[in-house]
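Single-structure report; data block below.
Quick note: the coordinates plus some simple rules give every number you see, no bench work behind them. Quick caveat: nothing in here was measured; it's all calculated off a predicted structure. FYI the Cβ positions are ideal-geometry reconstructions off the backbone, even for glycines, and counts take in every protein chain you see.
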Amino acid sequence: MALARRLWGPWRRHFGTLQVAWTSTISLPAEVEGDGRRQPWASMYSDEVQRVLDERIIGHDAGKEAILLALVAQEHLYIEGPPGVAKTMLAETAAEATGLSFFFYQMHRDTKLHELIGDAVILKEPAPEGGELVRSLTRPGGILTAELCVLDDISRAPGEALNVLLRLLNERQYNGPSTGQEVWKLPLKTAIATSNPSDPGSRYYTEPLDPACLDRFVLQLKTDGAVSAGRWDEAARIIDLFSDERNISPVSPGAAAAELRAASEAHARAEVPERVRRLLLEVLKQLVTKHGVSQKSSLLTDRTFLVKALRVMRAQAVLQGRQECIPEDLKVLRYLTTFRVPESVHAKIDRIIGKVVESAKANAE
């Protein structure tokens with residue numbers, strides 16, 4: 001199955017914990033001609049990453065799409081779900097498949113900052129006025145030198161380490177790792193963080209991230225397991241896969257790295273036309289004026305919805321083999337609203353977007 005069909009398919013089928021429910025049908029382009037030839041717009045930018053994800057992880061279509069969007073847009077992704085539902089496996093597999101240098105760290109209550117950014121080095125040298133000058137510097141490592149990082153159980157990290165970490169994710173630079181004066185530019189492209197549910201009623205409850213901290217992760221989603229959700233066909237496929245792991249082909253990281261470079265170049269050229277920008281604004285208006293989204297109940301920041309949303313929409317266009325966004329690319333807002341609006345509003349975000357798009361089409365006619 002080719003990439004474009006996988007990415008358009010979720011409009012019409014169950015999507016992990018999300019059920020798409022458009023109020024009317026939106027026509028989508030066919031990927032393959034009647035004779036089976038691939039049409040020019042069908043994307044080849046992430047076939048290798050997609051192949052590895054599909055081959056090693058059954059289901060989790062939403063997670064796979066979110067990861068591809070994060071990689072192409074070079075934004076950060078947060079995945080929340082109970083233990084044992086492939087959150088970490090999704091992140092690790094994506095990291096391995098990309099061919100990028102990556103850093104994996106399992107967060108815990110005693111996580112120290114140097115475990116994330118590199119070893120602390122103590123230097124002693126004579127002081128000009130006499131005596132000895134002792135300085136503590138950092139030998140860059142970990143997140144300071146990785147292109148992609150996986151931060152498992154991020155909500156378990158202590159405040160001191162977490163605050164610095166989130167600042168690094170946001171600014172992608174670190175001041176003075178080796179001399180205390182220079183600015184260290186991070187090669188980091190994407191960070192994928194995982195966490196157990198922050199619902200107080202959950203058996204695996206963990207302290208939730210502060211909303212402002214969580215906002216550093218542009219893309220966000222909840223996931224679940226095949227057994228707990230009663231997806232028995234999917235569960236049977238998982239059993240079949242792991243009954244004989246010889247069926248899993250080796251990863252070709254070089255091919256994936258080339259694809260991502262091409263995708264990054266295409267993303268820089270992709271455009272969001274004015275008509276799509278106006279529709280984005282209309283969706284935001286609908287959320288505020290008709291669905292009760294407010295500062296008290298939500299986190300609709302300008303950074304996320306007026307700037308970052310455009311990057312994710314352009315990534316969606318690139319993954320579809322286009323250099324220009326279309327109204328249907330607004331569907332990616334489902335990954336931006338997961339924890340930023342009330343759960344009841346997020347549950348119908350697809351319908352809200354669908355109505356805005358259909359209304360615009362009707363007015364154009």
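Counting other Cβ atoms within 10 Å as a rough exposure proxy, the listed residues THR338, THR145 run THR145, THR338 from fewest neighbours to most. For the range 252-365, the equivalent ellipsoid derived from the Cα gyration tensor has semi-axes of 27, 18, 12 Å, listed largest first. With the simple spin-label model, which puts each label point 7 Å out from Cα in the Cβ direction, the ALA120 to ARG351 separation comes to 5.4 nm. Neighbour counting of Cβ atoms within 10 Å sorts the residues TYR335, TYR174, fewest neighbours leading, into TYR174, TYR335. Under the rule a/c < 1.5 gives rounded, and otherwise a/b versus b/c splits prolate from oblate, where does the range 191-327 land using the Cα gyration tensor? Oblate, because a/c is 1.5 or more while a/b does not exceed b/c. When +1 charges are put on Lys and Arg Cβ atoms and -1 charges on Asp and Glu Cβ atoms, the dipole computed for the range 79-237 relative to its Cα centre reaches about 160 debye.
Extents of the range 46-123, largest first, come to 49, 27, 20 Å (Cα atoms, principal axes, whole angstrom). Note on the range 255-306: Cα Rg divided by 2.2 N^0.38 Å, N the number of residues, gives 1.65.
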